[in-house]
1. In the range 179-193, which residue that is more than 15 Å from VAL266 (Cα to Cα) and modelled with pLDDT of 95 or more is most open to solvent (accessible area, probe 1.4 Å)?
2. Considering every residue within the range 4-14, establish whether at least one is of a type in the set (Ser, Thr, Tyr) and more than 24 Å from GLY209 (Cα to Cα).
3. MET23 fails exactly one of the following numbered conditions: (1) over 26 Å from ARG201 (Cα atoms); (2) of a type in the set (A, V, I, L, M); (3) open to solvent by 40 Å² or more (accessible area, probe 1.4 Å). What is the number of that condition?
4. Looking at (1) in contact with a Cys (Cβ under 9 Å, 6 or more places away or on another chain); (2) part of a helix (DSSP H, G or I), which is the one condition that is false for MET257?
Amino acid sequence: MAKDVYWHLPGLCSLRLLNQIFMNFMKDYPESFREGYKIGSVYGTFPGAAWNGGRAVLGKAGKQDIEAILKVYNSRGIPARFTWTNALLEEKHLQDPYCNLIMELADNGINQVLVNTPVLEEYIRRKYPAYRLISSTTKRITGVEGLLEELKKDYYLVVLDYDLNHDKQALNAVGDQAGRVEILVNEICFPGCPRRAEHYRHQSLVQLGGAVASKEFPCPNHSREKNFDECSKRPAFLSNEQIEEYVDRGFVNFKIMGRGMPVSFVTDSYLYYLVKDEYRDFIREKAEGLLSRFAQAAGGQRR
């Protein structure tokens, strides 16, 4: 595979240790990773940001924590990509001090933003023009015409709805715009889920403090195991062999799902997609060893 392929990883904050481990491994053991594979961005949010969508993330991060986490990625030339996809945002939310602080601290021409609502998108374009904007999969654009219209707009990338992952008509229709389409490779949601948009709105409400975070959304996926083996059986899943075919057709941006998922699921996803088959056990052993040591050290500090 001669061309560069860009992988967009989850867990800007929540998975930063795992992401650091794999970023270091890609530098220290390049022979273990698939040729031409690069980290295109790490997406997610800082806890408690009102603009966040997709998955609610509560809490708060201080200025020093924000700067330190941004440095983890930006010092390697990797963009932090903020998931500013809350579906319920209104004009009154635009002046949120915490979200604007995050944007100011990260306003260096490297970082990116996933967008959903026009009100926030217009605000960011006006106040923070250095950010690259990506059209989010949370828009649930499931038709070919809608996808083509989205690609006409001024977005750096458009994240494909997972229901179109294997839709030949949609994939063929994008033509020479394939390089601007990002494909979510390991989605666990059911195909054609009629409640997905509603689920996004529920998570947005939780993020804004209008719903009890512990109240589970009635999603059929709650009865399924959240592991990579189960995920690989879903219709939207893309295998490594299929990814090679997509790359040959011009698709070079792929997204690994993992926010809100067990670390084991994300680790297995990284191992499958990024690491060569013959080095998978070697990288897994090293990664799990480091994670275990960090966990022990953190436990010792709390005692």
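1. Initial filter on the range 179-193 (more than 15 Å from VAL266 (Cα to Cα)): 179-183, 189-193.
Checking which are modelled with pLDDT of 95 or more leaves us with 179-183.
Details: GLY179: 32, ARG180: 53, VAL181: 2, GLU182: 0, ILE183: 0 Å².
Only one residue fits best here, namely ARG180.
2. Yes, because at least one residue in the range 4-14 is of a type in the set (Ser, Thr, Tyr) and more than 24 Å from GLY209 (Cα to Cα).
3. It is condition (3) that MET23 fails.
4. Against the list (1) in contact with a Cys (Cβ under 9 Å, 6 or more places away or on another chain); (2) part of a helix (DSSP H, G or I), MET257 comes up short only on (2).
The values are calculated or read from the model by the stated rules, or taken from the named source; none is laboratory data. Bear in mind that the values here come from a model prediction, so they are computed numbers and not experimental data. As a convention, Cβ positions derive from the backbone with ideal geometry for all residues, glycine included, and neighbour counts pool all protein chains shown. Remember, those area values only see protein heavy atoms, side chains included, never the ligands or the DNA or RNA. Shrake-Rupley method; radii C 1.70, N 1.55, O 1.52, S 1.80 Å.
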